[in-house]
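Worksheet for the structure shown next.
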Amino acid sequence: MSPAPAGTNDSDDVRAAAAGDRRAFQRLYQLHVGRVHGAVYRLAGYDHARAEDLTQDAFIRAWQKLPGFRHESAFGTWLYRLAVNVALMDIRARGADPVSMMDEEDLPDAGSTPFCAAEREELEHAVGKLPPRARAVLVLHDVEGWKHEEISAELGMAVGTSKAQLHRARGLLRKVLGESS
């Protein structure tokens, strides 16, 4: 499913869902699940099962927190941020080893991501091999468009550390991509 268009007005469904309307929430789910899953999938290191679990966790939390949604931002923005937080909390909870690389057999199959790039498989393998925190910084900054200040606040690190992790992730990515060509 493609991401919700930027101008989508889902405020009626948001209000109805906040009041307990499950069908309205189901419509919101259908509208936003693609973008949420894509972000979580990348942050989860292309682990299908984990991404599915985290996506469902994000929507469960959204349902629980929806009555407190203040409409200060678009629902999609609020939901996306909540989902990214769920994925980042999962990385922290797993005690992610900041220097380990993933094993080859744990990497995704070709064509299993929402990316459209011709070198999708090679790029997925390379990103999947990055240490979890470096991968999180790379995905949040380079793919999702977050600023270092946002990343540092979210991951509990200094802005300089976020920049260093991004530099490290890019270097490791170049090394992994260079080794496979």
Checklist line | Of the criteria (1) at pLDDT below 75; (2) more than 15 Å from Ala39 (Cα to Cα); (3) in contact with a helix residue (DSSP H, G or I) (Cβ under 7 Å, 6 or more places away or on another chain); (4) open to solvent by 70 Å² or more (accessible area, probe 1.4 Å), which one Pro114 fails | finding: (2)
Next item on the list: Count, please, the residues in the stretch 118-168 that happen to be of a type in the set (Lys, Arg) and surrounded by fewer than 18 Cβ atoms within 10 Å (Cβ to Cβ).
Entry: 3
Notebook entry, point to check: Inside the stretch 31-88, can you point out the residues that are open to solvent by 20 Å² or more (accessible area, probe 1.4 Å), outside any helix (DSSP H, G or I) and farther than 18 Å from Ala16 by Cα?
Noted result: Asp47
Next item on the list: With respect to Met101, determine if the residue is at pLDDT 85 or above and farther than 23 Å from Ala24 by Cβ.
Entry: no
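The values are calculated or read from the model by the stated rules, or taken from the named source; none is laboratory data. Small disclaimer: the values here were computed from a predicted structure and weren't measured. A quick note on method: Cβ atoms are made from the backbone with ideal geometry, for glycine too, and the neighbour counts reach across all protein chains shown. The protein model used for the area step is the full one, side chains on, heavy atoms only, and it has no ligands, DNA or RNA in it. Shrake-Rupley method; radii C 1.70, N 1.55, O 1.52, S 1.80 Å.
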